[in-house]
Every structure is written in structure tokens, then in C-alpha cells.
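Read through the structure below, which is laid out as C-alpha cells, and then see the notes.
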Amino acid sequence: MDNLDRQIINELQRNFPICDHPFAVVADHLDTSEEELISRIQLLLDEKYLTRFGPLFNADQMGGSVSLCAMAVPEYEFNDIAEKVNACPQVAHNYQRDHQLNMWFVLATETQDELEETIRNIEEETGLSVRNMPKLQEFFVGLYFEV
Amino acid sequence: MNRQAVLMNEDYTILDREIILATQAGLPLVSEPYQQIADQLNVDPELIKKRLKKMREDGRIRRIGAVPNHYKLGYTANGMSVWDVPDDLIKTFGQAVGKMSFVSHCYERPRFLPEWPYNLFAMIHGHSHEEVLEKADKIAALLGENCRARDILFSTRILKKTGIRIGVQT
């Protein structure tokens with residue numbers, strides 16, 4: 001990763017323009033060519049320096065439901081339970097964490113009913129109770145990683 | 001769905017959904033990305049740009065841009081710090097903590113008493129475990145005696161990370 005890559009990563013964390021030739025506009029800021037910028041973004045994605053590039057949607061502004069859920073999973077069956085939970089397409093992320101509540105996953109559904117149904121299904125499938133922790137207020141989302 | 005019906009749909013809910021489905025995996029890496037989406041959806045590119053701007057204005061799109069892989073950029077430690085603060089102060093403290101430069105997400109969430117007394121969640125990113133703990137101490141200092149209980153949960157394993165997608169097959 002060279003200096004131009006770093007500038008690209010920083011610049012693309014700001015708002016990307018909505019116009020006919022947006023890459024040309026950004027390339028101009030960075031003193032490079034449109035072609036070079038596009039191929040560098042592709043490389044940064046391929047090499048996983050960027051996880052995605054595009055519009056970042058706010059799921060709960062779109063009428064959908066998103067919630068953070070936690071479970072206390074016994075160590076001996078942790079992997080089996082993880083497999084069952086991950087098999088649900090509504091599970092967007094799932095992390096193991098060092099706490100008695102050791103499995104934390106985000107559910108994203110198109111409706112509140114679907115969210116509740118998914119939680120019931122997971123509880124039935126796993127025999128464990130799910131702590132549903134939807135956000136009550138959002139204070140901040142977004143982080144700028146300077147590189 | 002025929003094009004006429006999509007475009008006659010008064011508030012563009014159908015078209016907006018199609019735009020979301022077409023772009024949620026990413027924007028095309030071509031000179032004219034919005035033109036390409038327009039071609040794919042068989043609508044005027046001006047309309048695509050207009051709807052994207054509208055969604056950005058009303059908050060359905062937080063921003064258009066890149067999501068860096070923080071692990072790959074050296075931010076390998078992430079801790080979910082959780083705090084119990086009085087309900088009548090949650091807004092003041094939530095906003096203050098959310099403004100701290102190392103916090104990526106900050107929310108109020110429900111408690112589950114007695115096992116889970118925490119109502120304020122702040123995700124902290126850093127280059128090391130120690131750095132994350134030092135940053136958590138900065139939050140503790142800000143909350144002062146209004147912090148009645150605290151904990152920090154480090155992730156030990158990513159079990160799944162596909163991101164939020166709509167229109168998934170169930």
C-alpha cells in the first residue's frame with residue numbers, strides 16, 4: 001500500500017459524489033487519473049483493505065428491523081449452536097465474546113414480525129434463550145479510520 | 001414488474017427497493033456507475049441519481065463510499081464497552097461518548113436485570129487490547145460517578161460477517 005492508496009482510503013470514507021463521472025471527480029482531487037483510481041479501488045477490494053464500496057444503507061430507516069441479540073452458550077456446544085445461528089439468513093454478523101453472554105449477533109429483517117419470528121426459531125432450534133437488545137437511541141454511527 | 005408500474009409508483013418505493021438491491025453488494029467500478037445501474041434497471045440515469053440523492057438526504061443512505069477493513073489497517077482490537085448510567089442522563093452521556101474519536105457505534109439498549117445492568121453501548125477500536133482499555137478509561141473518566149457499573153467485551157472470534165442484506169432468500 002503506497003501513499004496514493006492511503007489517500008484513496010481516506011477520501012472514500014467521505015461522501016462519494018453522485019454525478020455522471022464520479023470517479024473522475026475524485027481522481028481530480030487526488031491528482032490521479034480516473035482509470036488509475038478505479039483500478040486501485042478494485043485492488044484494495046481484492047486485497048481486502050476495503051470490505052465494500054457503495055451506498056451504506058441505514059436498515060432501520062428503510063422500514064426494516066435490526067437488533068443486537070445475545071446468548072449464553074455452554075462451551076461444549078458452542079460450535080454447533082454457532083452453526084445453527086449462522087444458518088439463518090437474517091443473521092448479518094455474529095461474534096464470540098469473552099463474557100457469560102458469549103454469542104452476540106445482529107439480526108436484520110424486513111419487518112418487526114419477521115424479527116420476532118426469527119428469535120423464536122433460534123430459541124426453538126437451540127433450546128437457549130435469546131436476549132433481544134434493539135437500540136433504543138442511536139447516538140453515533142460511523143468511524144473514520146485515518147491511514 | 002413492468003417499467004411503467006415501477007415509474008408510476010408515486011413515492012418510488014418500488015424503484016428505491018430495486019436500487020437498493022442493485023447496489024447493496026457495491027457500486028459498479030466503471031466510469032459511469034449510475035448509468036450502468038440505470039441500464040440494468042431500465043430507467044433514466046437522471047432518476048437513479050435523483051433517488052440516490054433523496055435516500056442520502058432522508059437518511060436511508062448514511063453515505064456513499066468505502067468501508068475499510070479495520071483489521072487489515074491495523075485496528076485489530078475491538079471492545080464492546082458497556083455502561084450502566086442513570087436513565088435521565090443517558091442522552092447527555094450517549095451524545096458525549098458518541099463524539100469521542102475512537103467510538104464507532106454508540107447506542108442505548110435495554111437492560112436485562114439482574115444479569116445485564118448496562119444501558120449504554122460504545123464500540124471502541126484500537127491497535128491493541130491495551131489501547132482499547134485505555135480508551136475505555138477515558139469514557140469512565142467522562143461518566144465519573146454516574147457510571148454505576150461497567151464492563152468490556154472483546155471479540156474472540158468472528159463467527160459470521162455477511163453484513164445486512166435485504167431480499168435474502170429464507
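The values are calculated or read from the model by the stated rules, or taken from the named source; none is laboratory data. All values derive from a computational prediction rather than experimental measurement. For neighbour counting, all protein chains shown are included, and Cβ atoms are generated from backbone atoms with ideal geometry for every residue, glycine included. In case anyone asks, the SASA skips ligands and DNA or RNA and just uses the protein heavy atoms, side chains included. Shrake-Rupley method; radii C 1.70, N 1.55, O 1.52, S 1.80 Å.
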- Query: For residue B:55, which of the numbered conditions (1) loosely packed, with under 14 Cβ neighbours inside 10 Å; (2) in contact with a helix residue (DSSP H, G or I) (Cβ under 9 Å, 6 or more places away or on another chain) fails to hold?
  - Reply: (1)
- Message: Cβ contacts < 7 Å: first residue closer than 23 Å to residue A:12 by Cβ and modelled with pLDDT of 95 or more, restricted to the range B:27-44; second residue open to solvent by less than 40 Å² (accessible area, probe 1.4 Å) and among the hydroxyl-bearing types (Ser, Thr, Tyr), any location; separation 6+ or different chain. Result?
- Response: B:37/B:23
- Message: Being at the interface with chain A (Cβ under 10 Å from one of its Cβ atoms), within 23 Å of residue A:97 (Cβ to Cβ) and open to solvent by 70 Å² or more (accessible area, probe 1.4 Å) is true for just one of B:72, B:50. Which residue is that?
- Response: B:72
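Conditions (1) at pLDDT below 95; (2) in contact with a helix residue (DSSP H, G or I) (Cβ under 8 Å, 6 or more places away or on another chain); (3) among the β-branched types (Val, Ile, Thr), marked per residue:
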residue: A:81; (1), (2), (3): no, yes, yes
residue: A:89; (1), (2), (3): yes, no, no
residue: A:92; (1), (2), (3): yes, no, no
residue: A:98; (1), (2), (3): yes, no, no
residue: A:101; (1), (2), (3): no, no, no
residue: A:109; (1), (2), (3): yes, yes, yes
residue: A:112; (1), (2), (3): yes, no, no
residue: A:119; (1), (2), (3): no, no, yes
residue: A:122; (1), (2), (3): no, yes, yes
- Task: Working only within the range B:133-152, note down all residues that are within 20 Å of residue A:100 (Cβ to Cβ) and either assigned to a strand (DSSP E or B) or β-branched (Val, Ile, Thr) (or both).
- Result: B:149, B:150, B:151, B:152
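Checking the conditions here, which among B:158, B:124 is under 20 Å from the mean Cα position of the chain (by Cα), open to solvent by 30 Å² or more (accessible area, probe 1.4 Å) and either of a type in the set (Asp, Glu) or under 30 Å from residue A:110 (Cα atoms) (or both)?
On the way: B:124 fails: open to solvent by 30 Å² or more (accessible area, probe 1.4 Å).
None of the others qualify; the one that does is B:158.
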- Of the numbered conditions (1) assigned to a helix (DSSP H, G or I); (2) in contact with a strand residue (DSSP E or B) (Cβ under 8 Å, 6 or more places away or on another chain); (3) crowded, with 19+ Cβ neighbours inside 10 Å, residue A:26 satisfies every one except a single condition; which is it? (2)
- Run residue A:101 past the list (1) within 10 Å of chain B (Cβ to nearest Cβ); (2) outside any helix (DSSP H, G or I); (3) open to solvent by 10 Å² or more (accessible area, probe 1.4 Å) and report the number of the one that doesn't hold. (3)
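Every residue in the range A:29-57 that is of a type in the set (D, E, K, R) and open to solvent by less than 70 Å² (accessible area, probe 1.4 Å), please.
Across the range A:29-57, the qualifying residues are A:34, A:36, A:40, A:52.
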- Item | Flag if residue B:61 is open to solvent by less than 50 Å² (accessible area, probe 1.4 Å) and out of contact with any Asp or Glu (no Cβ under 7 Å at 6 or more places or on another chain) | yes
- Message: Being facing chain A (nearest Cβ under 7 Å) and surrounded by 13 or more Cβ atoms within 10 Å (Cβ to Cβ) is the requirement here; does residue B:33 meet it?
- Response: yes
- Query: Just checking, how many residues over the range A:61-83 are touching a residue at least 40 places away in the same chain (Cβ under 8 Å) and either surrounded by 15 or more Cβ atoms within 10 Å (Cβ to Cβ) or assigned by TED's automatic domain parsing to the domain that holds residue A:9 (or both)?
  - Reply: 10
- Tally of residues being in contact with a strand residue (DSSP E or B) (Cβ under 8 Å, 6 or more places away or on another chain) and of a type in the set (D, E, K, R) across the range A:35-60: 2
- Message: So residue B:89 ticks every box in (1) part of a helix (DSSP H, G or I); (2) modelled with pLDDT of 95 or more; (3) more than 30 Å from residue A:35 (Cβ to Cβ); (4) at the interface with chain A (Cβ under 9 Å from one of its Cβ atoms) but one. Which box is left unticked?
- Response: (4)
- Item | Failed item in (1) in contact with a Leu (Cβ under 6 Å, 6 or more places away or on another chain); (2) surrounded by fewer than 19 Cβ atoms within 10 Å (Cβ to Cβ), with residue A:90 passing the rest | (2)
- Item | Test result for residue B:14, crowded, with 19+ Cβ neighbours inside 10 Å and either on the phi > 0 side of the Ramachandran plot or out of contact with any Asp or Glu (no Cβ under 8 Å at 6 or more places or on another chain) (or both) | no
